[in-house]
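Below you'll find the structure, written out as C-alpha cells, and then a few comments.
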Amino acid sequence: MSRAVAANRPAVLSDLIPGTILRDVALVVGAAALTGLAAQVAFPVPGSPVPVTLQTFAVLLSGATLGLYRAAAGMALYLLAGLAGVPWFTAAGDATLGYVVGFFLAASVVGALAGRGGDRTVGRTVVTMVVGTVLIYLVGVPWLAVAADMSLATAIEKGVVPFLIGDGLKVLVAAGLLPAAWKLREIFTS
C-alpha cells in the first residue's frame with residue numbers, strides 16, 4: 001500500500017460517513033441513544049442485582065465504529081444524561097453504575113484500538129472486544145462490591161460469572177460484523 005493510500009484510509013467505520021461537526025454530533029448522540037435503548041432490553045439474573053442487557057454490545061460496537069474521541073463523548077453523554085434523569089439506565093440503580101462508568105473507559109480503549117486496525121480482522125476484533133469487556137468488569141465489579149456491600153469474590157460471582165457466555169457471544173457477533181463491514185467497503189471501493 002502506498003503512503004498516499006494509507007494516508008487516506010479511514011481509521012474507523014464512521015470515518016466513511018461524509019461530514020464534519022454535524023456528523024460527529026449525530027454519531028455521539030446516536031451512540032448514547034443506542035446504549036440507552038440497549039439498556040431497555042434487560043433480563044433479570046436470579047440472585048444478581050445486575051441484569052443481562054445489550055448495553056455492552058452497544059458500547060463495544062460504538063467504540064469500534066466511532067473511534068476514541070466520538071465513542072468517549074458518546075459514553076460521557078450517556079452517563080451524564082442518565083445521571084441528569086434521562087430514564088435510560090437499567091432499573092438496578094447504584095449497584096450497576098460502575099459498569100456504566102466502565103462503558104466510558106471501554107468505548108475509549110476499543111475506539112483507540114479500532115483506530116489502529118483492531119477491528120479489521122476476526123482475531124484482532126476478538127482481542128479488541130475482550131479488552132473492552134474486561135475493562136467494563138474491572139470498573140463495574142469493585143463498584144458493585146461496594147454499592148451492594150458484598151465481598152469482591154461475591155461481586156465476581158454475581159457480576160461477572162452469569163454474563164460470561166452472553167458477553168462471549170457479543171464479542172463473536174462483533175468479530176463477524178466489523179471485519180465484514182471493512183471487507184464490503186473494500187469490495188465497493190475497488
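The table that follows gives values for the structure above.
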| quantity | calculated |
| --- | --- |
| Pairs where the first residue, in segment 68-84, is surrounded by 19 or more Cβ atoms within 10 Å (Cβ to Cβ) and the second is not in a helix (DSSP H, G or I), C-beta under 7 Å, 6+ apart | G82/W88; G82/F89 |
| Close pairs (6 angstrom Cβ cut-off, 6 or more residues apart or separate chains): open to solvent by less than 60 Å² (accessible area, probe 1.4 Å) in segment 143-159, acidic (D, E) anywhere | A147/D94 |
| Any hit, segment 91-104, residues being touching a Leu at 6+ places or on another chain (Cβ under 6 Å) and over 19 Å from A58 (Cα atoms) | yes |
| Sole residue being over 21 Å from G102 (Cβ atoms) and in contact with a Pro (Cβ under 7 Å, 6 or more places away or on another chain), chosen from R120, R124 | R120 |
| Hey, D119 among the acidic types (D, E) and either outside any helix (DSSP H, G or I) or surrounded by fewer than 16 Cβ atoms within 10 Å (Cβ to Cβ) (or both) or not | yes |
| Test set (1) open to solvent by 50 Å² or more (accessible area, probe 1.4 Å); (2) in contact (Cβ under 8 Å) with a residue 40 or more places away in the chain; (3) more than 18 Å from G111 (Cα to Cα); (4) not in a loop (DSSP other than H, G, I, E, B) - L97 fails condition number | (1) |
| Answer residue from segment 162-188, given it is of a type in the set (V, I, T) and open to solvent by 90 Å² or more (accessible area, probe 1.4 Å) and is nearest to A38 (Cα to Cα) among those | I165 |
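The values are calculated or read from the model by the stated rules, or taken from the named source; none is laboratory data. All figures in this text were calculated on a predicted structure; none of them were measured in a lab. All Cβ positions, glycine included, derive from the backbone under ideal geometry; neighbour counts span all protein chains shown. The area values use the complete protein model at the heavy-atom level, side chains included, leaving out ligands, DNA and RNA. Shrake-Rupley method; radii C 1.70, N 1.55, O 1.52, S 1.80 Å.
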